[in-house]
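**Q** Structure in structure tokens, see below.
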Amino acid sequence: SQAETEMTPTPNKTQAPCPDTPPNLVGVLHVDFNSKRNLDEVRKELGSLLQEGGRYKPPDCVAKQKVAIIIAFRNRHEHLNHWLHYLHPILMRQQLDYRVYIINQDGEGVFNRAKLMNVGYVEALKEYDFECFVFSDIDLVPIDDRNLYRCFENPRHLAVGMDKFNFHLPYNGFFGGVSSLSKKQYLKINGFPNTYWGWGGEDDDIYKRIIFRGMSISRPNTVTGRYKMIKHSRDLHNEQNPNNPGKLSHTRQTMDTDGINTLKYTVKEIVHDTLYTYINVDIDAPL
Ligand code: UD2
Ligand code: MN
């Protein structure tokens, strides 16, 4: 009848899953930090392709994973502009359903990269059902878009070859720079430590947690895993902490009581910019 015809749903609009290998990757990229970029330029360039909050979904297929990109941040605006300019197009070509979180440490206290990453994990999950978390420094840009910002069978270390280390791993257990963990992998290690204030050690603690929980490290190959780091000096209030290396001999004991299960912080502001979600957070840092 007439009524039934009208009720018939429009032909199957369900999208197919995106292919295993994204079809539009280009491989080796040209990355250059010499020219300055400002945020408005990057907004003009990429804003129309993104949803508010620095969010993207492939338009014509269902992404393999929902990925939160989490960056610990304070006072690195020039780096942020470069990072956004280079990473958004790469992540789009990788056909991810992703969103970028800039976790800003409020105030002038001692910086704490790993604790900020924990905050990013919790806050991102309040917004969307992410299954994968990529934790990145703000100053690292991959020079090959085949280095997928996704999660794998094991926790992944993505920043395998950095220009500052002559494109080689500085040591076997190196886990710094950029890494990815699925929600399940992250919870298995009780997240990251909250107690590594200042520079150094937190990445090694995370590595140990992963090994102690019986997992291994997945890595891209040394060609795909190449990165450029924007040259910088050590920031104010992120001095190398001489107490951090010693803590590493206790990770096996401390990991159960220092992590996502003991995380405390206060969100002061959330801003949904076109290019990213900015979360300003008080993490009770010592001065
Ligand atoms: C190395 C590791 C990094 C981390 C750190 C020790 C590499 C490429 N990365 O980085 O993952 O393990 O050693 O803690 O080897 N940040 C700010 N504002 C600040 C201070 C830090 O935004 O005032 C953020 C920013 O995202 C930065 C990251 O923290 O990229 C790491 O700090 P860094 O770049 O000063 O340390 P670096 O390059 O030695
Ligand atoms: Mn750096």
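Taken together, the values in this text are just the output of simple stated rules run on the coordinates, not laboratory data. Just so it is clear, the structure is predicted and the values come from calculations on it, not from any experiment. For neighbour counting, all protein chains shown are included, and Cβ atoms are generated from backbone atoms with ideal geometry for every residue, glycine included.
**Q** Read phi for every residue in segment 36-43 and hand back ³J(HN,Hα) as whole Hz from Karplus 6.51 cos²θ - 1.76 cosθ + 1.60, θ = phi - 60°, with x for Gly and Pro.
**A** Couplings: 6, 10, 10, 4, 5, 4, 5, 4 Hz.
**Q** Where Lys and Arg each count +1 and Asp and Glu each count -1, what net charge lies around ILE189 among other residues with Cβ under 12 Å from its Cβ? Working shown, then result.
**A** Values: positive: LYS183, LYS184, LYS188, LYS208, ARG209, ARG213, ARG252; negative: ASP205, ASP256, ASP258.
Once all neighbours under 12 Å are counted, the net charge is +4.
**Q** With a sphere of radius 10 Å drawn around the Cβ of TYR227, what net charge do the other residues whose Cβ falls strictly inside it have (Lys, Arg +1; Asp, Glu -1)? Mind showing how you got there, number by number?
**A** On the way: positive: LYS164, ARG226, LYS228; negative: ASP137, ASP139, ASP144, ASP163.
For residues surrounding TYR227, the net value is -1.
**Q** Right, next: For segment 10-154, what number of Lys pairs, 8 or more residues apart or on separate chains, have alpha-carbon atoms under 24 Å from each other?
**A** 11
**Q** 5 Å is the cut-off here: which amide hydrogens, built 1.01 Å from N in the peptide plane, fall below it relative to GLY191, excluding neighbours closer than 5 in sequence?
**A** ILE260
**Q** Same structure, new question: Could you sort 114-121, 23-30, 73-80 so that the peptide with the highest average Cβ count within 10 Å comes first and the rest follow in order? Working shown, then result.
**A** Details: 114-121: 25.4, 23-30: 11.4, 73-80: 18.8.
Ranking, from highest mean packing down: 114-121, 73-80, 23-30.
**Q** Moving on. Can you tally the net charge around THR277? Count Lys and Arg as +1, Asp and Glu as -1, for every other residue whose Cβ sits under 10 Å from the Cβ of THR277.
**A** Details: positive: ARG55, ARG99; negative: GLU52, GLU123, GLU127, ASP273.
Net charge around THR277: -2.
**Q** Using packing as a proxy for protection, rank 276-285, 51-60, 201-210 so that the peptide with the highest average count of other Cβ atoms within 10 Å comes first. Provide the component values of the computation, followed by the final result.
**A** Details: 276-285: 19.5, 51-60: 15.6, 201-210: 22.9.
The peptides rank, most packed first, as 201-210, 276-285, 51-60.
**Q** Can you say what percent of the DSSP beta bridges in segment 62-214, counting only those with both residues inside, are antiparallel? Round to 5.
**A** Values: 7 of 20 bridges.
Within segment 62-214, antiparallel bridges account for around 35 percent of the total.
**Q** Ok, one more. Quote the relative contact order of the chain in percent (integer), defining contacts as alpha-carbon pairs under 8 Å separated by 6+ residues.
**A** Working: 575 pairs, mean separation 70.0, N = 287.
That works out to 24 percent.
**Q** So what is the 222 nm mean residue ellipticity for the chain from helices alone, if each DSSP H run of at least 4 adds -39500 (n - 2.57) and you divide by all residues, rounding to the nearest 500 deg cm²/dmol? Show your work: numbers first, answer last.
**A** Details: 8 runs with 71 residues, N = 287.
The per-residue figure over the chain is -7000 deg cm²/dmol.
**Q** What's the angle, to the nearest 10 degrees (0 to 90), between helix 77-93's Cα axis and the longest principal axis of the chain?
**A** The angle comes out near 40 degrees.
**Q** Specify the angular offset, from 0 to 90 degrees and rounded to the nearest 10, of the alpha carbon long axis of helix 113-127 from the longest principal axis of the alpha carbons in the chain.
**A** Once rounded, the angle reads 20 degrees.
**Q** Can you tell me the relative contact order of segment 178-287? Whole percent, Cα pairs under 8 Å, sequence separation 6 or more. Intermediate results must be reported in sequence, preceding the final value.
**A** On the way: 94 pairs, mean separation 35.2, N = 110.
Averaging sequence separation for qualifying contacts and normalising by length gives 32 percent for segment 178-287.
**Q** So, one more: At what distance in nm do the modelled label points of ASP284 and ARG213 sit from each other, each positioned 7 Å from its Cα along Cα→Cβ?
**A** Reported label-point gap for ASP284 and ARG213 is 2.3 nm.
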